[in-house]
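Contents: one structure, followed by commentary.
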Amino acid sequence: MLQLKFEERFLSVDFVNDKRNYLKLIPKGKQELIAKAIGLNKANQTVIDATAGLLQDSILLSRLGAQIRAVEKSDLIFALIADAYKRGQEDHACKLILSRIAIFHDDAYNFLSQLKLEDYPDVVYLDPMFPENKKTALPRLEMQIFRKIVDVGDDYERILQMARKKVKSRVVVKRPLKGAPLSSGWQHQIKGNTVRFDIYPPMGISANE
Ligand SMILES: C[S@@+](CC[C@H](N)C(=O)[O-])C[C@H]1O[C@@H](n2cnc3c(N)ncnc32)[C@H](O)[C@@H]1O
């Protein structure tokens with residue numbers, strides 16, 4: 001198993017045995033929230049998870065029936081998920097979930113800008129790094145590592161605008177409950193206890209801009 005060493009601690013990704021982050025029972029509230037945000041009422045919704053990270057959201061969405069293309073820019077994070085993806089094929093249930101996820105090592109803006117009309121997804125999902133909250137306890141190990149190795153200052157607004165040009169139904173941006181929106185132009189907000197999903201229409205449809 002591939003391991004990333006960070007200040008004497010190790011990060012690895014294991015979809016099959018890491019029940020806390022991957023294959024645990026999905027609480028009904030969480031299921032309803034994400035289903036509403038993504039619009040999972042239609043079968044086989046196609047989703048581009050443009051900031052795939054450790055693939056937790058992609059796996060959740062696949063378990064809820066969506067077809068995912070997951071894009072990750074960081075070499076190190078991508079190496080971790082590619083390794084877990086390969087090992088996940090050996091477990092029957094996990095293999096089925098992964099059969100609805102394709103992973104791409106690319107920059108979200110680049111990936112989206114090259115999409116042809118016939119490849120536009122129903123939904124683009126963006127989960128940018130949250131701004132650091134100085135008041136909370138230290139974030140989970142994964143988040144501490146992300147902050148060290150990932151370009152947190154990426155231009156997510158630019159990615160959002162490109163996503164809105166390359167999507168059929170909506171762009172969904174995950175934000176901290178009280179965080180500022182990435183950009184104006186959102187149409188709805190769906191709020192959970194700690195996070196919020198801002199929903200943007202495809203470019204060209206008028207909203208609060
Ligand atoms: C908060 S994490 C996403 C966590 C993910 N939703 C999950 O469930 O594991 C943000 C991720 O976006 C990636 N990222 C940042 N900028 C990116 C870009 N321009 N293109 C693709 N991925 C990007 C980072 O490397 C990081 O892994």
Sole miss for residue 33 among (1) out of contact with any Asp or Glu (no Cβ under 8 Å at 6 or more places or on another chain); (2) of a type in the set (A, V, I, L, M, F, W, C); (3) part of a strand (DSSP E or B) is condition (3)
Picking from 120, 109, 85, which residue would you name as being under 17 Å from residue 22 (Cα atoms) and among the aromatic types (Phe, Trp, Tyr)?
85
Restricted to region 49-73 and to residues being of a type in the set (D, E, K, R) and more than 8 Å from the ligand (Cβ to nearest atom), the residue farthest from residue 127 (Cα to Cα) is 63
Considering region 12-34 alone, what residues qualify as being closer than 22 Å to residue 95 by Cα, touching a residue at least 12 places away in the same chain (Cβ under 8 Å) and either open to solvent by 90 Å² or more (accessible area, probe 1.4 Å) or not hydroxyl-bearing (Ser, Thr, Tyr) (or both)?
13, 14, 15, 16, 21, 23, 26, 31
Within region 40-59, the residues that are without any contact (Cβ under 8 Å) to a residue 60 or more places away in the chain, of a type outside the set (Gly, Ala, Ser) and either in a strand (DSSP E or B) or surrounded by 21 or more Cβ atoms within 10 Å (Cβ to Cβ) (or both) are 55, 59
Note on region 167-196: residues open to solvent by less than 30 Å² (accessible area, probe 1.4 Å), within 17 Å of the chain's Cα centre (by Cα) and not aliphatic (A, V, I, L, M) are 175, 176, 192, 196
Within region 78-114, count every residue that is closer than 17 Å to residue 67 by Cα, within 16 Å of the ligand (Cβ to nearest atom) and assigned to a loop (DSSP other than H, G, I, E, B).
1
Between a first residue in region 181-194 that is on the phi > 0 side of the Ramachandran plot and a second residue that is open to solvent by 70 Å² or more (accessible area, probe 1.4 Å), which pairs have beta carbons less than 8 Å apart while being 6 or more apart in sequence or on different chains?
185/208; 185/209
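The values are calculated or read from the model by the stated rules, or taken from the named source; none is laboratory data. These numbers come from a predicted model, not from an experiment. Ideal geometry is used to build each Cβ from the backbone, glycine not excepted, and the neighbour counts take in all protein chains shown. Surface areas here come from the heavy atoms of the whole protein model, side chains and all, with no ligands, DNA or RNA. Shrake-Rupley method; radii C 1.70, N 1.55, O 1.52, S 1.80 Å.
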